[in-house]
Amino acid sequence: MTAFSFNKLVIFGVGLIGGSLARALRERGAPGPRGTVIGVGRSAASVERARELGVIDGVAALGDDAQLRDALAGADIVLLAAPVAQTQPLLTRIAPFLDDATIVTDAGSTKSDVVAAARAALGPCIGQFVPGHPIAGRESSGVEAALPDLYVGRNVVLCGLPENSPAAVARIEAMWKATGAEVRQMSVEQHDRVLASVSHLPHVLSFALVEQILEGPDADLKFSFAAGGFRDFTRIAASSPEMWRDICVANRAALLEELDAYTAVLARLRAAIDAGDGATLEAAFARSRKARTEWQERGGKVAAGASPAK
């Protein structure tokens, strides 16, 4: 465990991602005093369940100026664990209440749009915002699904901005390391290209396969015969439609490039199947098998794109 302590952590969106961060910092034996964790939701009632479970200490309603001001007063760190499309409205809402020393970070699965939103909302205070992305998740969502060890051994990407102080980036890095995560640095552009390939595209393909079956005349029959392969391939189709809608739209340029490249590979495989070209098929399958086996042997981490059900 990396030494990390805080006085007050404020989480907007105490679901799987935000709740798991709170639980990790408080339950995994991180050195140092355990500070106060405040959860903010559309209403106080919407985050009350997190307090009942002991994940957070207090609640605040996003629309209540007094509650929001109190929640943010003296906060060390603010985490935005909400769908990426909500980034600008959230930052615009909290900007008047932020202390100069508060560091804001996020858990969004895309970064170019998030950074643009942060610049628009925070203006000259953009240096207080350190873009981040914990690449972890489960099919289950909500605070009931939160786990104290969700981030252990998982990658967290930080996309430091030119305006960020080294101390601010180091502070967020220390927070995630305290959860057991491995922290990596990437540029905003590199992050979005990489995640489009290994996270966003797989989710689209998983949703697409289920959609294809649903559109067929014998969908019920096909589902009745679906077994392990179908279950494994479509596991992430149980993820939040709202979240993945936002991700696809936000990262559409990089995602479209990946979809085009994937379509080209499918076309080659289709041509080989049509021609009965078993040698080409076997060679492609062998390359894929070898690459995946090597990735798994390296301790491959499942990139959940923002966590399938944040």
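A short reminder: the numbers here are calculations on the coordinates, not readings from a lab. Given the structure is predicted, the values throughout are model-derived calculations rather than measurements. Heads up, the Cβs are rebuilt from the backbone with ideal geometry, glycines too, and the neighbour counts pull from every protein chain shown.
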Backbone HN-Hα couplings from phi across region 245-254 [Karplus 6.51/-1.76/1.60, Hz, Gly and Pro as x]:
4, 5, 5, 4, 5, 5, 10, 4, 5, 5
When the chain is modelled as a GNM with alpha-carbon springs shorter than 10 Å, which of 128, 86, 212 fluctuates the most?
212
Which percent, nearest 5, of DSSP beta bridges in the chain are antiparallel?
10 percent
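Quick one: order 285, 97 by neighbouring beta-carbon count within 10 Å, fewest to most. Walk me through the numbers on the way to the answer.
Values: 285 11, 97 16.
Listed from fewest to most nearby Cβ atoms, that is 285, 97.
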Listing 243, 186, 175 by rising number of other beta-carbon atoms within 10 angstrom, fewest first, gives 186, 243, 175
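Suppose we look only past 35 Å in the calculated P(r) of the chain. What percent of the Cα-Cα pairs does that tail hold? Could you put the intermediate results ahead of the total?
Details: 11388 of 47895 pairs.
Value for the chain (Cα pairs over 35 Å): 24 percent.
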Please list, in chain and number order, the residues 5+ apart from residue 156 or on another chain whose amide H is under 5 Å from its amide H, with Hs placed from the backbone.
135, 182, 183, 184
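Indicate, rounded to the nearest 5 percent, the antiparallel portion of the DSSP beta bridges found entirely in region 8-187.
Around 10 percent antiparallel, to the nearest 5.
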Take 27, 258, 297 and order them by how many other Cβ atoms sit within 10 Å, fewest up front.
297, 27, 258
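Please state the relative contact order of the chain as a whole percent: Cα pairs under 8 Å, 6+ residues apart? Provide the component values of the computation, followed by the final result.
Values: 543 pairs, mean separation 63.7, N = 310.
Contact order relative to length: 21 percent.
Rounded, prolate or oblate: pick one for region 191-297, where a ≥ b ≥ c are the square roots of the eigenvalues of its C-alpha gyration tensor, a/c under 1.5 means rounded, and failing that, prolate if a/b is larger than b/c, else oblate. Don't skip to the answer; put the middle values down first.
On the way: a/c = 1.57, a/b = 1.11, b/c = 1.42.
It is oblate, given that a/c is not under 1.5 and a/b is not larger than b/c.
What ranking do 267-273, 251-257, 177-183, 60-66 get when scored by the average of other Cβ atoms within 10 Å per residue, highest first?
Values: 267-273: 12.6, 251-257: 17.4, 177-183: 20.3, 60-66: 15.1.
Highest-to-lowest ranking by the protection proxy: 177-183, 251-257, 60-66, 267-273.
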Once you've got the GNM for the chain with C-alpha springs shorter than 10 Å, pick whichever of 79, 266, 147 has the biggest mean-square fluctuation.
266
In a GNM of the chain with a 10 Å cut-off on Cα contacts, which of 114, 130, 204 has the highest mean-square fluctuation?
204
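Can you compute the charge dipole magnitude of region 191-297 about its Cα centre, using +1 on each Lys and Arg Cβ and -1 on each Asp and Glu Cβ, nothing else charged? Give it in debye, rounded to the nearest 20. It would help to have the intermediate numbers written out before the result.
Working: 12 positive and 16 negative charges, 54 e Å.
Using Cβ point charges on Lys, Arg, Asp and Glu, region 191-297 gives about 260 debye.
When only Cα pairs under 8 Å and 6 or more residues apart are kept, what is the percent relative contact order across region 191-297?
On the way: 38 pairs, mean separation 36.7, N = 107.
About 34 percent, as a whole number.
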Both in Å, the radius of gyration and Dmax of the C-alpha trace of region 8-187 are 14.7, 40
